[in-house]
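The values are calculated or read from the model by the stated rules, or taken from the named source; none is laboratory data. Note that the structure is a prediction, hence the values are computed from the model and not measured. Virtual Cβ from ideal backbone geometry, glycine too; neighbours counted across all protein chains shown. Heavy atoms of the whole protein, side chains included, go into the accessibility calculation; ligands, DNA and RNA do not. Shrake-Rupley method; radii C 1.70, N 1.55, O 1.52, S 1.80 Å.
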Amino acid sequence: NDIIMDVIITGISGHLGNLLRQSKIINFIELPKNSTRNSNFMNFEVEKILVENNYLIHAAWNMESRNLETSYEINVKGSLNLIEKLENLKFDFSKFIFISTINANHNSKSVYENHKYAIEKIILEKGGYVIKPGLVYDKKDPFSGGFIKNLYTLASKYPFLPNFTAEREIYYLASSEKILEIVEQIIKNEKLTSREFKIFDIGPLNYKSL
């Protein structure tokens, strides 16, 4: 048996979560929650016996909540609530891995990037890890899911697609294999020089190149 460690994860039913399950050395266990994809909140059931001594990856994020109010209510408050519950259990945040996004920074204009950055700052302050991937894809099946699949579907249907970013090179592609490599290095406690990782295989690209 090659599995060396159980890892707790939120958002395993999402595109990235499904791809992470390809790991041969990690047994992912989904953190129970009493909210759904259609809920206007995000709430996890955190028990000490489950999270104690285990790494926890927080990948859950409602991608459909793009406006300021709903994203804050669901994603930010849900993440803060999870952090508070873990604090109450004296969780070791050096075992917390937050999945952010590559362009999240203090100058971010989009709600998505801004709210991701707000949570990643907290996690880094607590000694956790932040993984900042570009657009996630599977090398073996690039159009199987996520933004790449959606863009491919649109491009197959329509001869022209609107370009809202002009010639700005802001797009990066991150393979699930590369993301998984970093996750496995963290849980194997390898000596890493940083707790923040920007991950991409290809980029930067403008919209036309993408």
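Tell me the per residue accessible area of the chain using a 1.4 Å probe; a whole number in Å² is fine.
Averaged over the residues of the chain, the accessible area is 56 Å².
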Quiz item: Which whole-Hz couplings ³J(HN,Hα) result when phi for each residue of the stretch 114-121 is put into the Karplus expression 6.51 cos²θ - 1.76 cosθ + 1.60, θ = phi - 60°, listed in order with x for Gly and Pro?
Solution: 4, 6, 4, 5, 4, 6, 5, 4
Quiz item: GluC sites (Glu not before Pro) within the stretch 162-210: which are DSSP loop residues with at most 16 other Cβ atoms inside 10 Å?
Solution: Glu167, Glu169, Glu190
Self-check item: Lys188 versus Ser39: modelled label distance in nm, points set 7 Å from Cα along the beta carbon direction
Solution: 3.6 nm
Self-check item: Highest-MSF residue in the chain out of Ile131, Ile29, Ile99 [GNM, Cα springs under 10 Å]
Solution: Ile29
Exercise. Quick one: divide the alpha-carbon radius of gyration of the stretch 94-210 by 2.2 N^0.38 Å and tell me what you get.
Key: 1.16
Self-check item: Counting DSSP beta bridges with both ends in the chain, the antiparallel % (nearest 5)
Solution: 10 percent
Quiz item: For the stretch 19-143, which whole percent of the accessible surface, found with a 1.4 angstrom probe, sits on carbon and sulfur atoms?
Solution: 49 percent
Self-check item: Förster-model FRET efficiency, 25 Å R0, Tyr152 and Leu89, C-beta, rounded to 0.05
Solution: 0.05
Quiz item: With contacts defined as alpha carbon pairs under 8 Å and 6 or more residues apart, what's the relative contact order of the chain in percent?
Solution: 18 percent
Quiz item: Which percentage, to the nearest 5, of the DSSP beta bridges contained in the stretch 1-64 is antiparallel?
Solution: 10 percent
Quiz item: Counting only residues 5 or more places away or on other chains, whose amide H sits under 5 Å from the amide H of Ile29 once H atoms are built in the peptide plane?
Solution: Val7, Ile8, Ile9
Practice problem: Note down the Stokes-Einstein diffusion coefficient of the chain in µm²/s, whole number, using a Kirkwood radius over alpha carbon pairs, 37 °C, and 0.692 mPa s. | Solution: 183 µm²/s
